[in-house]
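Notes for the one structure printed next.
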Amino acid sequence: MLQGKMALITVLVLGLLGGYIAYAGEANIMVMPSEIKWTDGPASLPPGAKIAVIEGDLSKAVPFTFRLKMPANYKIAPHWHPAIEHVTVVSGTFYFGAGDTYDMAKAKAFPAGSIMVMPATHTMFGWAEATADETVIQVHGVGPWGITYVNSADDPRKK
Ligand SMILES: [Cu+2]
């Protein structure tokens, strides 16, 4: 079971990011908002999001920081990660809840400046506020990173 999970994580992580970006352990990283380079979000997330990896290589055992820009009403189904996740809301409002089921009543609206810290394998779900053009969150932790959906039917890689 655990081996299966690890194999799955490896597949997810390798699919997430190809390029190598410095991490703070080897170089200073000082980035202005205007210098952030956005690309289409990874296949592991529903289409429509943009990602900017600021630090690290998500497939490696090094610190990483990335931002995720989501359009209004963007939904991320219940899932978990192989490592601790720190989520900081940079702009907009991110609705975020803990648990295995997508239950809006169990989520809270987190405005810019909020931070959530979720231990490895804890389940969570979220969506971007409906009225903002975009909601940006920043995620940091130590890789290797990945995402596993509670219901595999929610995994965009399987659609
Ligand atoms: Cu998450």
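List the residue pairs whose Cβ atoms are under 7 Å apart, where the first residue sits in the range 122-135 and is closer than 15 Å to V89 by Cα, the second is surrounded by fewer than 20 Cβ atoms within 10 Å (Cβ to Cβ) and of a type in the set (V, I, T), and the two are 6 or more positions apart or on different chains. That search, which allows pairs on different chains as well, returns E129/T93; A132/T93; T135/T93. Residue count for the range 33-88, restricted to those that are over 22 Å from R157 (Cβ atoms), within 13 Å of the ligand (Cβ to nearest atom) and either touching a helix residue (DSSP H, G or I) at 6+ places or on another chain (Cβ under 7 Å) or not hydroxyl-bearing (S, T, Y) (or both): 2.
Scanning the range 105-121 for residues that are more than 14 Å from the chain's Cα centre (by Cα) and closer than 21 Å to S91 by Cβ returns A107, K108, A109, F110, P111, A112, G113, S114. Can you spot a residue in the range 33-43 that is in contact with an Asp or Glu (Cβ under 7 Å, 6 or more places away or on another chain) and surrounded by 13 or more Cβ atoms within 10 Å (Cβ to Cβ)? No, the conditions are met nowhere in the range 33-43. Per the listing S91, S59, the residue uniquely crowded, with 16+ Cβ neighbours inside 10 Å and touching a Ser or Thr at 6+ places or on another chain (Cβ under 7 Å) is S91. Against the conditions (1) touching a residue at least 40 places away in the same chain (Cβ under 8 Å); (2) in contact with a Phe, Trp or Tyr (Cβ under 6 Å, 6 or more places away or on another chain); (3) within 13 Å of the ligand (Cβ to nearest atom), F96 satisfies every one except (1).
Taking the listed residues T121, T101, T135, the one that is β-branched (V, I, T), within 16 Å of the ligand (Cβ to nearest atom) and in contact with a His (Cβ under 9 Å, 6 or more places away or on another chain) is T121, with no other qualifying.
Scanning the range 104-118 for residues that are closer than 25 Å to F64 by Cβ and away from the ligand (no atom under 16 Å from the Cβ) turns up P111, A112, G113.
For the range 130-159, a tally of residues being at pLDDT 95 or above and among the acidic types (D, E) returns 2. Just one of the listed residues (I147, I84) is within 20 Å of T39 (Cβ to Cβ), among the β-branched types (V, I, T) and touching a residue at least 40 places away in the same chain (Cβ under 8 Å), and it is I147.
The values are calculated or read from the model by the stated rules, or taken from the named source; none is laboratory data. It should be emphasised that the depicted structure is a prediction, and the values quoted were computed from it without experimental measurement. Cβ coordinates were reconstructed from backbone atoms using ideal geometry, including for glycine residues, and neighbour counts include every protein chain displayed.
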